1. If you check every pair at least six apart or on different chains, which have Cβ atoms under 8 Å apart with a residue in the range 1-20 that is within 20 Å of A41 (Cα to Cα) first and a residue that is open to solvent by 90 Å² or more (accessible area, probe 1.4 Å) and not hydroxyl-bearing (S, T, Y) second?
2. Return the pairs, sorted by first residue and then second, in which the second residue is open to solvent by 60 Å² or more (accessible area, probe 1.4 Å), the first residue lies in the range 59-81 and is of a type in the set (A, V, I, L, M), the beta carbons are less than 7 Å apart, and the residues are 6+ apart or on different chains.
Amino acid sequence: MDRDEIRDEILEILQEMHEDIDFEAETRMADDKVFDSFDIASLATELGDAFNIEITSEELIPENFNSVDSLADLVISLVEK
């Protein structure tokens, strides 16, 4: 899976969670509280299932959840482990 395919899959997951948010434009989802802690936990589970990865508590930091690109970076780093 390349970066674009990972981004597309992440966008699909995000849209299923909140179809009213323009995730392409968001760059501070966690910092600006677009997502609450329940959303982040749910997203971590969804990403884990979709990409067969485990997101640990150390990775549950705002920087990893602020944008589609930061989420893609996180997923890519975990897939490569």
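The values are calculated or read from the model by the stated rules, or taken from the named source; none is laboratory data. Just so we're clear, the structure is a prediction, and the values are computed from it rather than from any experiment. Here the Cβ positions follow ideal geometry from the backbone for every residue, glycine too, while neighbour counts run over all protein chains shown. Side chains are part of the model used for accessible areas, which takes the heavy atoms of the whole protein and leaves out ligands, DNA and RNA. Shrake-Rupley method; radii C 1.70, N 1.55, O 1.52, S 1.80 Å.
1. From residues that are within 20 Å of A41 (Cα to Cα), the pairs are E9/M1; L11/E24.
2. V68/E24; A72/R3; I76/R3
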